[in-house]
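The values are calculated or read from the model by the stated rules, or taken from the named source; none is laboratory data. Everything numeric in this text was worked out from a predicted model, so none of it was measured. Every residue, glycine among them, receives a Cβ derived from its backbone with ideal geometry; neighbour counts consider all protein chains shown.
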């Protein structure tokens, strides 16, 4: 072999060695890239009160999360690609500052693709506001829409860019309450008082005028301090006005204090409709025999004729499964927690890309049948609001549990069946 052949052979061997080396180096990089692609999860942040004074709103959270995670299985398809889904749950502790803090964690640390918030202005408003500032898609529920929208200084001409909400409003609540009151004989004198928080302030601004417009006389005691444990002045004024109907906006503990003091002071109206306070069986049971006959707004129940678009379960089936799994009675937020997650998953499935703008556009285009009814943001009262149905209910002695919530007036949503007739409180 001459020197030229030797040099050519050495050159060819060297090139092969370099090629093999390059392949060896490239393989781990390719593996890392593939592993990264497989590990990219779609992240849903979910903020709700698990502890604190409105913890009852979060009672069903674990059950709902477990069921939704099971239904998702290996993940969802977005723009033709399969992604695992990670739901990151944060406790607002019933505190607006904490709700804002954990939302910022979901945005900045967890890098969530979409964030959800539920359960009164104390959680919903700070969650939505932080998402709006950061440009993160957000869906919220379980807060009267006026408290959500105007409580965040929303402009009906502009609306918000990133934050969307579904629930009923105080205007519908007023109609439901008056329908309840008109179904029993009273003197049509309404005693009112409202909590000093965004929900109570919004209710105080809108409800008394609505009641007056339909012929009720209103003895409005206005806003009370959230930490108040003495309602003697308000009760005295309601007795003086001869109010046979009482309405107000309370947390469950605040109403328990108020209602106990009403009994102690001999004030016994014919109807009591504490907004927000009597949504939960546990809140009614703490009142003992005086819980029977209280009336409340009903946003969701086993009787609601809707199915989950995610699991195909009816409202009744979800409630039955909840009772079987927890040994507890169904509770109204159960349906809305489930629906909020359903809507988020539907939005992600329809997004044309896994980007904030594409997810936001998918929210705007929503037309979804959820466990709480149809969800779409094309025809709301303002840009970012979708309305859900509301009917009137009354707590009555139960069979399996101490009290059952009966739907006793459905004039605002006749597709939701009645359970029984409204009855005045027993003195």
_Just to confirm my filter: which helices (runs of 4 or more DSSP H) fall fully inside the stretch 39-134 and include at least 3 residues that are out of contact with any helix residue (DSSP H, G or I) (no Cβ under 6 Å at 6 or more places or on another chain) and not assigned by TED's automatic domain parsing to the domain that holds residue 351?_
none
*Give the number of residues within the stretch 266-305 that are modelled with pLDDT of 95 or more, touching a helix residue (DSSP H, G or I) at 6+ places or on another chain (Cβ under 6 Å) and surrounded by fewer than 22 Cβ atoms within 10 Å (Cβ to Cβ).*
2
_Can you tell me which of (1) without any contact (Cβ under 8 Å) to a residue 40 or more places away in the chain; (2) within 29 Å of residue 82 (Cα to Cα) is the one residue 310 doesn't meet?_
(1)
*Quick check, is residue 407 closer than 27 Å to residue 45 by Cα and assigned to a strand (DSSP E or B)?*
no
*asked:* Quick check on residue 159: is it at positive phi, part of a loop (DSSP other than H, G, I, E, B) and at pLDDT 95 or above?
replied: yes
*Test each condition in (1) in contact (Cβ under 8 Å) with a residue 24 or more places away in the chain; (2) within 17 Å of residue 168 (Cβ to Cβ); (3) in contact with a strand residue (DSSP E or B) (Cβ under 7 Å, 6 or more places away or on another chain) for residue 376 and report the one that comes out false.*
(1)
*Would you point out which residue out of 142, 91 is within 19 Å of residue 58 (Cβ to Cβ), buried (at least 18 other Cβ atoms within 10 Å of the Cβ) and either under 13 Å from the mean Cα position of the chain (by Cα) or at pLDDT below 95 (or both)?*
142
